[in-house]
Amino acid sequence: MAFLRGGLRLADGTPVLVISHTHVLQETPVLIRLAYSTEPLRLQSLQLLGLLTLVLRSRWLAAGFAGYRFVIRVLDPLEQMATLTEHITARRLNERIPSKMPRTNSVHMALVLNGLLERLEESF
């Protein structure tokens, strides 16, 4: 019967994994123990953890930057429309928002606002 035991340390503090097995030789039980240092495994695990942390951190930063750029690009036409709309007053109801913008949602919003301006102009 073999036993596996971890969490042990040698006198110098080196962590080891110990395997024990009892054999019977010439009717005498003999205990054989093998100890393997887990320090190389621990060091490799720490290196992998450090590498993953570095890679994931850079990926999160890249994803955040890409998301920021995407949102700016999507909201820029709406910002332009808002700026143009702020300059339309009761005396300047004949002005319209250009509806030849590249994004379909922006074009739809410009058409809706222009329709609103037309109705307001007619009511005055």
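The values are calculated or read from the model by the stated rules, or taken from the named source; none is laboratory data. Quick caveat, the model's predicted, so the values are computed rather than measured. Methodologically, a virtual Cβ is constructed for each residue, glycine included, from the backbone with ideal geometry; neighbour enumeration extends over all protein chains shown. For accessibility, only protein heavy atoms count, side chains too; no ligands or nucleic acids. Shrake-Rupley method; radii C 1.70, N 1.55, O 1.52, S 1.80 Å.
Table for the structure above
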read-out: Residue list for region 99-111, restricted to those being at pLDDT below 80 and of a type outside the set (Lys, Arg); value: Ser99, Met101, Pro102, Thr104, Asn105, Ser106
read-out: Options Glu27, Glu95: the member that is modelled with pLDDT under 90 and of a type in the set (Asp, Glu); value: Glu95
read-out: Residues satisfying the stated conditions in region 58-99, i.e. out of contact with any helix residue (DSSP H, G or I) (no Cβ under 8 Å at 6 or more places or on another chain) and of a type in the set (A, V, I, L, M); value: Leu61, Ala62, Ala63, Ala66, Val71, Ile72, Val74, Leu75, Ala82, Leu84, Ala90
read-out: First in region 25-48 and more than 17 Å from Gly7 (Cα to Cα), second anywhere and of a type outside the set (Lys, Arg) and open to solvent by 100 Å² or more (accessible area, probe 1.4 Å), Cβ under 9 Å, 6 or more apart; value: Val30/Val24
